[in-house]
Structure formats: C-alpha cells, structure tokens
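To start, the structure itself, in structure tokens.
The values are calculated or read from the model by the stated rules, or taken from the named source; none is laboratory data. Given the structure is predicted, the values throughout are model-derived calculations rather than measurements. With ideal geometry, Cβ positions are generated from the backbone for all residues, glycine too; neighbour counts draw on all protein chains shown.
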Amino acid sequence: MENKCNKCGSCCKAIVLSYNKEEIRERALKEGKQGDFYFAYKNFVSITEEQALKINPYLSEWPKDQEKKFYYYCKQFSEYTNQCSVYELRPDLCKNYPDLSKKEAFYSKDCGFNNKNNKKKYKWEK
C-alpha cells in the first residue's frame, strides 16, 4: 500500500496552504474560474490551527520554521464517503498532492504515501 492513495482522507480533512483567504481571492480573480485558486476560494473554509490539529494531529510535525501556514477544510470533501465529491473535477492542487520530491510533505500514520519503513514516531504515538 506504500506510495499509493488508500483514501484515508487525511490530506483533505485539513489542508495547509501558505496563502490566507484574501491572498487566495486575489489570485483567483487573476487566474479565472478554471484555476486552482478559484476552486480554493469557492471551496476552502478557514479553520484555526487548533481545529486542524484536532482533525489531523500529524500536522504538529510540520517544521516550525517553514513559511506561514493557513489551515482550511474543503467543502467538497464528504465525511460520509471519506472522498472528494468532485473527484474527477478536482484542481491540480489536489491531483498533484503529495509532492513526493519535497521533504516537507507530511502524512498521517495511516496514509498510503507514508513511508512504512520510516521508524519516526509522531508526537501522539506511544
């Protein structure tokens, strides 16, 4: 199951971006209705870091010195099915996640992209 989506939904339940809602709106206006930022502007709802950490505790492992972070959940994510309700129409931002070439990509312990051979323990694991 390694390096393959197992539909745990962790990446969609709490989304981390380096743009606040106003920056997303500004980029959406420039980009137009077909772009990732337009999708984000229409579908991503701001949540606090505390809320994001309750949803996905693995986010606490994100490097503290990394660029600014803003937290969102997506209105298109269905808690009922644990999947995206517009999966075939989702933006590149979602299609291309995770970028496995980036060391700052973090996954929940149940994520199919999590390296099962990595012996790192998360703060909440015993």
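Here are a few things to note about the model shown:
- Selection within the range 15-48 - free of Cβ contacts under 8 Å to residues at least 40 places away in the same chain and not in a helix (DSSP H, G or I): G32, K33, Q34, F44, V45, S46, I47, T48
- Screening Q51 on (1) assigned to a loop (DSSP other than H, G, I, E, B); (2) among the polar types (S, T, N, Q); (3) at pLDDT 85 or above shows it passes everything except condition (1).
- All conditions in (1) out of contact with any strand residue (DSSP E or B) (no Cβ under 7 Å at 6 or more places or on another chain); (2) in a helix (DSSP H, G or I) hold for C12, with the sole exception of (1).
- Residue, modelled with the highest pLDDT, within the range 76-122, restricted to residues that are of a type in the set (G, A, S) and assigned to a loop (DSSP other than H, G, I, E, B): S85
- So A14, is it among the small types (G, A, S) and over 11 Å from the mean Cα position of the chain (by Cα): no
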